[in-house]
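Worksheet for the structure shown next.
The values are calculated or read from the model by the stated rules, or taken from the named source; none is laboratory data. Just so it is clear, the model here is predicted, and its values are computed rather than measured. Note: ideal-geometry Cβ built from the backbone for every residue, glycine included; neighbour counts use all protein chains shown.
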Amino acid sequence: MKKVLLIFIILLLSSCSQSKQQEPQDKEEDHPTSGRVTDVRLAERLQTPWSITKKGSKFYISERNGTIALVDIKSGKVKREQVALNKPLHTEGEGGLLGLELLSDTNVEALAYHTYLENGEVLNRLVHLNKEQDQWSETAVLLEGIPGAGIHNGGRVKIGPDHMIYVTTGDAANPDLSQDRNSLAGKILRMELDGSVPEDNPFADSPVYSYGHRNPQGLAWDDTGQLYATEHGQSAHDEINKIEPGKNYGWPVIQGDEKRDGMETPLYHTNGNTWAPSGTAFYNGSLYISTLRGEAVRIFEIENKVADIFEQGTGRVRDVLIEKGTLYYITNNTDGRGVPASYDDQLIGISLE
């Protein structure tokens, strides 16, 4: 079975690569890539995409303006599906429709994290969505009232190997909230699939799993179930953290190599360099990390604690997904901070085999 799947991927990548070579020459000249022969552009003209999810041959990609882009890699077509929310979407600054996670073994249901405005206050919420025909609709709210702002909304949503929901939240431009365990800001949250608090969470009756975060946007688990998170630092000092329940990761008291009793220093930090890391995936002993300011997919070898550039040349990168030996990533050049080409933003696939 594995050989059949590998052959399918190779044929798919080969087919797409051939079609890519047949594009007009002037389009190729203004579309630099790393030069990998297996780079495949699977979709174009995405609208400020944020999260990649996949089911079968179809990708469901959240777009900050409130739509989900359905990409069918068999046809190469992109179709936008509307999302009906019970509280209006707020897209100012870094807000909007952010994290998206499909629920397995369902007829296309998902979890979504979005920004909203209530009584003049910017907030975030986690909701359950159902898909019917070409529209997604909110069917339940799992958590709301998460502090938000024009910056630092966090937004990553993942279902862990323990079948729990994990959500990253930013400090909402108020750093002191990260150290306040009674606030949902600057945290990694953990919940049951119905939004209730797991009995084995580190703090009683609280979804808070870890705290002292600035603006985490990447979550990934290794083969043993160990959780890692990436987060934006202040003036560089972006971090990769090994996440343990109940631990305090220091923001805003410490950053980089600074130490303080009762606070965790990062597994790795970028020192004076800026990555602005976002979505993260684990594969074969390494983390693959999308970086915005760093404009690359980076690879971090966990055992050796060595980081390097894996893929670059397409601008800002928002999220990555790895499935069956293929890495998929989305660019984020249309978010107001990049320089978009006519075909941006893109979904790109790279074989890791």
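Condition check ((1) within 29 Å of PRO266 (Cα to Cα); (2) over 17 Å from the mean Cα position of the chain (by Cα); (3) of a type in the set (Asp, Glu); (4) at pLDDT 95 or above) across all residues:
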| position | (1), (2), (3), (4) |
| --- | --- |
| ASN124 | yes, no, no, yes |
| VAL141 | no, yes, no, yes |
| GLY145 | yes, yes, no, yes |
| GLY148 | yes, yes, no, yes |
| ARG156 | yes, no, no, yes |
| ASN174 | yes, yes, no, yes |
| ALA185 | yes, yes, no, yes |
| ASN201 | yes, yes, no, yes |
| SER210 | yes, yes, no, yes |
Identify, please: which residue in the stretch 259-291 is part of a strand (DSSP E or B) and β-branched (Val, Ile, Thr) and is, among those, farthest from VAL320 (Cα to Cα)? THR291
Filtering the stretch 230-253 down to residues that are among the hydrophobic types (A, V, I, L, M, F, W, C) and touching a Ser or Thr at 6+ places or on another chain (Cβ under 7 Å), which residue is nearest to GLN179 (Cα to Cα)? TRP251
Residue list for the stretch 211-258, filter: more than 24 Å from PRO49 (Cβ to Cβ), polar (S, T, N, Q) and either free of Cβ contacts under 8 Å to residues at least 40 places away in the same chain or in a loop (DSSP other than H, G, I, E, B) (or both): THR224, GLN226, GLN234, SER235, ASN241, GLN255
Given the conditions (1) within 17 Å of the chain's Cα centre (by Cα); (2) buried (at least 22 other Cβ atoms within 10 Å of the Cβ), every one holds for LEU102 apart from (2)
When only residues in the stretch 236-273 that are among the acidic types (Asp, Glu) and buried (at least 16 other Cβ atoms within 10 Å of the Cβ) count, which is nearest to LEU219 (Cα to Cα)? GLU239
I'm checking my understanding of the structure. Among residues of the stretch 183-199 that are of a type outside the set (A, V, I, L, M) and free of Cβ contacts under 8 Å to residues at least 12 places away in the same chain, which one is surrounded by the fewest Cβ atoms within 10 Å (Cβ to Cβ)? GLU199
